[in-house]
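Chemist: The structure is given below, and queries will be raised subsequently.
The values are calculated or read from the model by the stated rules, or taken from the named source; none is laboratory data. This structure is a prediction, so every number in the text was calculated from the model and none was measured. With ideal geometry, Cβ positions are generated from the backbone for all residues, glycine too; neighbour counts draw on all protein chains shown. Protein only, heavy atoms only, side chains kept; ligands, DNA and RNA dropped before computing areas. Shrake-Rupley method; radii C 1.70, N 1.55, O 1.52, S 1.80 Å.
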Amino acid sequence: FFHKLSDHSVYLRYFRKLRSMPQRILQRTADIDYSTDMAIVVLSPPDQFDNEIVGIAQWNSDIHVPSYPEVAFQVRDDWQGEGLGTYLFHKILEIAKTTGIEKVKADVLVDNKAMNTLVEKSGYKYIRRSDFGVFSYEIRLKEESHNACI
């Protein structure tokens with residue numbers, strides 16, 4: 001999956017250029033403790049043995065604040081623009097809500113207009129902070145109200 005992403009997509013997801021997936025990131029992505037974290041994937045074709053991952057969404061809990069996980073997702077370049085990112089975003093937040101999580105965080109590069117638009121038009125209340133070219137969102141899953149930018 002990683003090696004089928006463009007350099008630009010890797011940069012938008014990991015905030016730096018990577019030629020290969022570092023072991024610590026790979027382990028955090030692939031070694032999921034489903035009692036505290038969650039990951040879902042989209043496979044294509046969905047019902048065949050030789051399928052490929054085309055999208056991933058996950059949350060990882062901070063060991064210090066497990067009730068406030070960080071969400072992230074990635075869609076392979078050749079599948080972008082088809083609504084898969086929107087689907088993954090809403091699905092992972094729906095799962096989070098059903099497990100009792102009330103808020104999640106997401107760090108998004110200011111230049112990642114598609115992701116910023118997705119969060120801001122998602123219908124969820126959020127607080128957005130800006131720091132050094134990164135928007136940090138606190139997405140409130142159970143509150144209905146206006147949004148704030150700090």
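Chemist: Tally the residues that are open to solvent by less than 20 Å² (accessible area, probe 1.4 Å) and under 12 Å from Arg13 (Cα atoms), restricting the search to the stretch 88-108.
Modeler: Count: 2.
Chemist: Sticking with this one: Taking the stretch 61-87, which residues are in contact with a strand residue (DSSP E or B) (Cβ under 7 Å, 6 or more places away or on another chain) and either crowded, with 18+ Cβ neighbours inside 10 Å or aliphatic (A, V, I, L, M) (or both)?
Modeler: Answer for the stretch 61-87, where residues must be in contact with a strand residue (DSSP E or B) (Cβ under 7 Å, 6 or more places away or on another chain) and either crowded, with 18+ Cβ neighbours inside 10 Å or aliphatic (A, V, I, L, M) (or both): Pro69, Val71, Ala72, Phe73, Gln74, Val75, Arg76, Leu84, Gly85.
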